[in-house]
1. When ligands, DNA and RNA are left out and all protein chains stay put, how many square angstrom of accessible area per residue does the stretch 99-148 have with a 1.4 Å probe?
2. Given the stretch 51-149 reduced to its alpha-carbon atoms as identical point scatterers, what log10 I(q)/I(0) does the Debye formula return at q = 0.17, 0.25 Å⁻¹?
3. Show me, for the stretch 125-140, the HN-Hα J-couplings you get by feeding each phi into the Karplus relation (A = 6.51, B = -1.76, C = 1.60, θ = phi - 60°), rounded to Hz, glycine and proline as x.
4. Counting only other residues whose beta carbon sits under 12 Å from that of L100, what net charge do I get with K and R as +1, D and E as -1?
5. Ordered by residue, what ³J(HN,Hα) values in Hz, to whole numbers, does the stretch 71-88 give under the Karplus form 6.51 cos²θ - 1.76 cosθ + 1.60, where θ = phi - 60° and Gly and Pro are x?
6. In whole Hz, what ³J(HN,Hα) sequence does the stretch 91-108 give by Karplus (6.51, -1.76, 1.60; θ = phi - 60°), x for Gly and Pro?
7. For the pairs K106/K172; K49/K158; K106/K128, flag any whose C-alpha to C-alpha distance is greater than 20 Å.
8. Among the GluC sites (Glu not before Pro) within the stretch 71-176, which fall in a DSSP loop and have no more than 16 other Cβ atoms within 10 Å of their own Cβ?
Amino acid sequence: MEYRRLLIVVVISLLSLTACAQKPATSGNAVSGNPTGLDLSMYPKANDKVEKSDAAWRAQLSPEAFSVMREAGTERPFTGLLLNEHGNGIFVCAACGNPLFSSSAKFESGTGWPSFWAPIEPGRVVQKGDDSYGMERTEILCARCGSHLGHVFDDGPKPTGLRYCMNSVALKFDKK
């Protein structure tokens with residue numbers, strides 16, 4: 001029984017590493033405008049920048065959220081509270097409330113993290129090259145507060161072919 005449990009842990013760990021070690025996304029697959037048609041007027045604008053000290057972020061965020069969002073950490077796969085969220089609504093930045101992804105763009109990637117095929121509208125997220133851990137990836141940051149959200153890969157579904165692989169702890173869900 002102990003051998004079986006160890007084997008399961010090893011397999012899940014290997015799948016997790018390969019899921020986030022895939023080829024980075026190219027920028028040619030973007031969706032223009034607000035593909036969801038949702039009214040975002042009640043949310044902050046992406047250009048309303050939020051800047052805080054590390055001490056202020058530590059006071060606001062949980063230790064896990066601080067590690068992920070301010071230190072570019074990664075939550076363990078299949079542990080995030082929003083992985084299985086299938087309601088209708090908007091996923092916003094857990095640090096600043098910036099609307100990031102619509103539930104209509106969420107899909108089941110099997111990687112252990114919430115995945116989306118496009119941001120809610122251009123300019124809500126920022127891409128940055130990431131060569132940490134010997135991998136070439138594209139990091140995704142909140143355009144408003146600069147928080148690390150996850151990475152984007154080019155193995156997602158149509159219409160973009162992208163997979164925005166986000167840390168659940170970096171998001172909050174605003175149910176509509």
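The values are calculated or read from the model by the stated rules, or taken from the named source; none is laboratory data. Since we're looking at a predicted model, the values are computed, not measured. Because the Cβ atoms are built from the backbone with ideal geometry, glycine has one as well, and the counts that use them run over all protein chains shown. Areas reflect the complete protein model, heavy atoms only, side chains present, ligands, DNA and RNA absent. Shrake-Rupley method; radii C 1.70, N 1.55, O 1.52, S 1.80 Å.
1. 38 Å²
2. Debye intensities relative to I(0), on a log10 scale: -0.84, -1.59.
3. Once θ is set to phi - 60°, the couplings for the stretch 125-140 become 10, 10, 9, 8, x, 9, 10, 5, 6, x, 10, 9, 9, 10, 7, 10 Hz.
4. Result for the local shell: +2.
5. Coupling constants for the stretch 71-88: 10, 6, x, 9, 6, 5, x, 6, 10, x, 5, 9, 4, 9, 6, 10, x, 8 Hz.
6. In residue order, the calculated couplings are 8, 10, 5, 5, 8, 10, x, 4, x, 10, 9, 8, 4, 6, 9, 7, 8, 8 Hz.
7. Those over the limit are K49/K158; K106/K128.
8. Loop-located and lightly packed - E85, E108, E136.
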